[in-house]
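Novice: Before I ask anything, let me first share the structure, which is written out below as structure tokens.
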Amino acid sequence: MSLKLYNTLSRRIEEFRPVEEGKAGMYCCGPTVYNFAHIGNLRTYIFEDLLHRTLVHDGYKLTHVMNITDVGHLTGDGDDGEDKMTKSAREKGQSVWDIAAFYTDAFFRDESHLNIIRPDVVCKATDHINQMIDVIKKLEEKGHTYIAGGNVYFSIDTIDDYGKLAKLNLDDLKEGARIEVDSNKRNPKDFVLWFTNSKFKDQIMVWPSPWGVGYPGWHIECTAMSSEYLGNHFDIHCGGIDAIPVHHTNEIAQAEAAFGVKPWVNYWCHGEFLINDKGKMSKSSGEFLTLSVLEEKGYDALDYRYFCLGGHYRSQLKFSFESLDQARIARQGLCRKIAQFKAEGKPAEVLDEKAQGYVDAFFEAMDNDLKAPQALSQVWSLLRDRDVPDDQKLRACLMMDEILGLSLDEVEPLKEESVEAGDEALRLLEERTEAKREKNYARADEIRNRLLEMGYKVVDTPSGAKLERV
């Protein structure tokens, strides 16, 4: 089965056809490094990691590019608000460069804990100012810009399809536009390409340009960096759905105007929000959870990855600690199975027909717009199938984990004393794990007490529950 992806641009699922046969170019909007990434942000990067792994599995030579926005874009998407990097530096009493370095390191530490494959190219905005200036020059030469109040603006009235990604109705927007903070704009939806007249005193991050000393607008960064590494026409652009109406809309407008290529990007893929009882998780609210907080509470980062696998990337996913507990129980149960299989012997060298059927169904689900929940269900169906030998199950699970990214290859075999605990004790331990996964806590406690009577203490570990002699 060939890979199919939902394309936000067309609003339908399409077969993936790369620009260049056998290759795939993917650009993902990276973090703005003024604060820690919250777990809602990280859900998007997990979805992009699943796409990365699926493309590689399907045989594509992938070039995965991600930016680091270390030139702080403004707190408002419409060129208003305060500079995020400067604001964070002031509040923490550090330089903007120290802030950027600290939070960049923190971001990649989170990604490492989540077993997210690092992109092939990680590009910092501050290292690509010249490329941004070059794109703005192209736009200026083609008549898509104007200068007002010292700043360079992109004029959306110079193109005929602005807003096509978000399906914006420009007439409605003009009629209902609020009074803009920036009175220099000819059209409320115009946006800044280069600031030379900052509203903030002593702006720290500035560079020389043909238009004066200043700094780039947020949207020009991604256009300049993606084209630098993927060319002026590439396959996939990813991000969160909140980027659709402004950031990605403006990226398309300036890129297609500058490069004269339509479409600039063939497939736009967006991840939905992680929500909680208060709605969308966001940094602006000041109330958000980080991965390190989850880890401090005793969760493994891969518990959160497993939790995210339980929801399709295009559907909102509601976070609660109860749901995370269930994900932890399920992951631990899976790891225990793998540990048991490894203790029994090596994985099969070749899959038999039945085990191969589960693997094929797994990859078919992933190739169908990354349907991770359906793919994960194939893992559990395989594990429950008594007609499939354990060495076959082990090989199949390790193959499927190339996409799931749960580090099953690193699970240690059960220690000999644990394996020799006795068939009945091990059976009860598996039943307890299943009971907890199904939220039957009364039955789980009952089994724990029964095991104590048999002389075994249940010890819960990140890799699953194990038995120890009392």
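The values are calculated or read from the model by the stated rules, or taken from the named source; none is laboratory data. Predicted, not measured: the structure shown is a model, and the values here were computed from it. FYI the Cβ positions are ideal-geometry reconstructions off the backbone, even for glycines, and counts take in every protein chain you see. Protein only, heavy atoms only, side chains kept; ligands, DNA and RNA dropped before computing areas. Shrake-Rupley method; radii C 1.70, N 1.55, O 1.52, S 1.80 Å.
Novice: What does the C-alpha gyration tensor say about the overall shape of segment 215-364? Classify as rounded when a/c is under 1.5, otherwise prolate if a/b is larger than b/c, or oblate.
Specialist: Since a/c reaches 1.5 but b/c is at least a/b, the shape of segment 215-364 is classed as oblate.
Novice: Classify segment 94-176 from the C-alpha gyration tensor, please: rounded if a/c falls under 1.5, else prolate or oblate depending on whether a/b exceeds b/c.
Specialist: It comes out prolate by the Cα gyration axes.
Novice: For the chain, what is the charge dipole size about the Cα centre, in debye to the nearest 20, if Lys and Arg each add +1 at the Cβ and Asp and Glu each add -1 at the Cβ?
Specialist: Approximately 760 debye in magnitude.
Novice: Pick out, in residue order, every one of the trypsin sites (Lys or Arg not before Pro) in segment 301-399 that is DSSP loop and has at most 10 other C-beta atoms within 10 Å; say none if there are none.
Specialist: When the trypsin sites (Lys or Arg not before Pro) of segment 301-399 are filtered for loop state and at most 10 Cβ neighbours within 10 Å, ARG386 remain.
Novice: Can you give me the solvent accessible area of SER381 with a 1.4 Å probe, rounded to the nearest 10 Å²?
Specialist: 50 Å²
Novice: Same structure again: Sort out for me the Cα centre separation of segment 423-454 from segment 228-253, rounded to whole Å.
Specialist: Value for the Cα centre distance between the two parts: 50 Å.
Novice: Something else now. Among LYS138/LYS262; LYS346/LYS439; LYS164/LYS278; LYS167/LYS189, which pairs are too far apart, with a Cα-Cα distance over 21 Å?
Specialist: From LYS138/LYS262; LYS346/LYS439; LYS164/LYS278; LYS167/LYS189, over 21 Å: LYS346/LYS439; LYS164/LYS278.
Novice: Let me ask something additional. Out of all DSSP beta bridges with both ends in the chain, state the antiparallel percent to the nearest 5.
Specialist: 50 percent
Novice: Right, another one. Arrange the residues TYR60, TYR304 by how much accessible surface each exposes, largest first, with a 1.4 angstrom probe.
Specialist: TYR60, TYR304
Novice: As I understand it, the value is the acute angle between the Cα axis of helix 423-437 and the longest principal axis of the Cα atoms of the chain; what does it come to in degrees, rounded to 10?
Specialist: Once rounded, the angle reads 30 degrees.
Novice: Of the options ILE329, CYS28, ILE204, report the single residue whose Cα projects farthest towards the positive end of the charge dipole of the chain (beta-carbon charges: Lys, Arg +1; Asp, Glu -1).
Specialist: Of ILE329, CYS28, ILE204, it is ILE204.
Novice: From the phi of every residue in segment 376-392, what ³J(HN,Hα) in whole Hz does the Karplus formula 6.51 cos²θ - 1.76 cosθ + 1.60 yield, where θ is phi - 60° and glycine or proline is x?
Specialist: 4, 5, 5, 4, 6, 4, 4, 5, 7, 7, 6, 8, 9, x, 5, 5, 5
Novice: Projecting each Cα onto the charge dipole of the chain (Lys/Arg +1, Asp/Glu -1 at the beta carbon, about the Cα centre), which of TYR153, LEU3, SER227 comes out farthest on the positive side?
Specialist: It is TYR153, whose Cα lies furthest towards the positive end.
Novice: Counting only protein heavy atoms and a 1.4 Å probe, tell me what percentage of the chain's accessible area is made up of carbon and sulfur.
Specialist: Here carbon and sulfur together make up 46 percent of the probe-accessible area.
Novice: Mind checking the angle between helix 96-113 and the chain's longest principal axis? C-alpha axes, 0 to 90 degrees, to the nearest 10.
Specialist: 30 degrees
Novice: Out of residues 5 or more away from ASN7 or on other chains, whose amide H comes under 5 Å of its own, with H placed 1.01 Å from N in the peptide plane?
Specialist: ARG12, ILE13, GLU14
Novice: Report, in degrees rounded to the nearest 10, the 0 to 90 angle that the Cα long axis of helix 441-453 makes with the longest principal axis of the chain.
Specialist: With rounding to tens, the tilt is 40 degrees.
Novice: Check TYR60: other-chain or 5+ apart residues with amide H under 5 Å from its amide H, H built from backbone geometry?
Specialist: Residues meeting the amide H criterion: none.
Novice: Let me ask something else about it. Please give the solvent-accessible surface of PHE36 in Å², to the nearest 10, using a probe radius of 1.4 Å with every protein chain present.
Specialist: 70 Å²
Novice: Under the Karplus relation 6.51 cos²θ - 1.76 cosθ + 1.60, θ = phi - 60°, what is the ordered set of whole-Hz ³J(HN,Hα) values for segment 342-351, x standing for Gly and Pro?
Specialist: Each residue's phi maps through the Karplus curve to give 5, 5, 7, x, 7, x, 4, 6, 9, 6 Hz.
Novice: Name the residue farthest towards the positive end of the dipole of the chain from the options GLY40, ILE13, TRP380, assuming +1 on Cβ of Lys and Arg, -1 on Cβ of Asp and Glu, about the Cα centre.
Specialist: Selected residue: GLY40.
Novice: With r defined as the distance between the Cβ atoms of ILE147 and LYS167 and R0 fixed at 51 Å, what FRET efficiency is calculated, to the nearest 0.05?
Specialist: 0.95
Novice: Another one. At 1.4 Å probe size, what's the solvent-accessible area of THR8? Round to the nearest 10 Å².
Specialist: 10 Å²
Novice: Between TRP207 and ASP460, with labels modelled 7 Å along Cα→Cβ, what's the label distance in nm to one decimal, could you check?
Specialist: Between TRP207 and ASP460, the simple spin-label model gives 5.0 nm.
Novice: I've got another one for you. So what's the back-of-envelope 222 nm ellipticity for the chain, counting only DSSP H runs of four-plus at -39500 (n - 2.57) apiece and dividing by all residues, rounded to 500?
Specialist: Rounded to the nearest 500, it is -13500 deg cm²/dmol.
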